[in-house]
1. For the chain, build the charge dipole from Cβ charges (+1 Lys, Arg; -1 Asp, Glu) around the Cα centre, then report which of Ala113, Gly21, Cys32 sits farthest towards its positive end.
2. Whose amide H sits under 5 Å from the amide H of Cys32, counting only residues 5 or more places off or on another chain, with H placed in the peptide plane?
3. For the pair Arg14 and Arg69, how long in nm is the line joining their label points, each one 7 Å along Cα→Cβ?
4. Along the charge dipole of the range 1-92, Cβ charges K/R +1 and D/E -1, which of Ser7, Gly76, Ile63 sits furthest on the positive end?
5. What's the Cα-based Rg to Rh of the range 28-135, Rh via Kirkwood?
6. Tell me, what is the FRET efficiency for Ala29 and Val106 to the nearest 0.05, using R0 = 22 angstrom and their Cβ-Cβ distance as r?
7. Hey, quick one: spin label on Ser43, modelled 7 Å out along Cα-Cβ, who in the range 98-129 has an amide N within reach, i.e. under 19 Å?
8. How large is ³J(HN,Hα) for each residue in the range 45-52, as worked out from phi by the Karplus curve 6.51 cos²θ - 1.76 cosθ + 1.60 (θ = phi - 60°), to whole Hz, x for Gly and Pro?
Amino acid sequence: MVPRRTSEVSDQVREIYAGLGSRDPERTARTCREDVTVHVAGSHPLSGTYVGVPAVRDLFARIEAAAGRGTFTVTGLMADDDERELLVEACVAHRGFVRTIVHRLVLCEGRLAALHEHPMDQAAENEFWRGLLPS
């Protein structure tokens, strides 16, 4: 496989995140596999594993309903040689709560197969979401 330019990988990552946050089921389906898995770490009401496009879309709808549409800024990106696994460091802001997270993305045929979220300050993340969502 010929490695792609960093800008191409960055564009793909931006499209994946736009698809995840989209209310358009077709856009989400274009960027995610049907069996996509998203794991949200922690011990707050959103923590858990979500499997399939409908479950993942529901997760992002719950996030937006509770905290509004967030601002997501990619601050770092690393890819393996095959560009199948990516580490994305990002700054995320919801309602004045700004935090740094790392997502491990697993791609299959250019679509998102899995996302694992790793907040830098899990205790603060837990407290924020517990304050917004009932258990």
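Please treat every number below as a calculation from the coordinates, not as lab data. Everything numeric here is computed off the predicted structure, so don't read it as measured data. Glycine gets a Cβ as well: all are built from the backbone with ideal geometry, and neighbour counts include every protein chain shown.
1. Checked the options; the winner is Gly21.
2. Leu112
3. About 1.6 nm, to one decimal.
4. So the residue furthest toward the plus end is Ile63.
5. 0.96
6. 0.80
7. 117-129
8. Per residue, the Karplus-derived 3J(HN,Hα) values read x, 9, 4, x, 10, 10, 10, x Hz.
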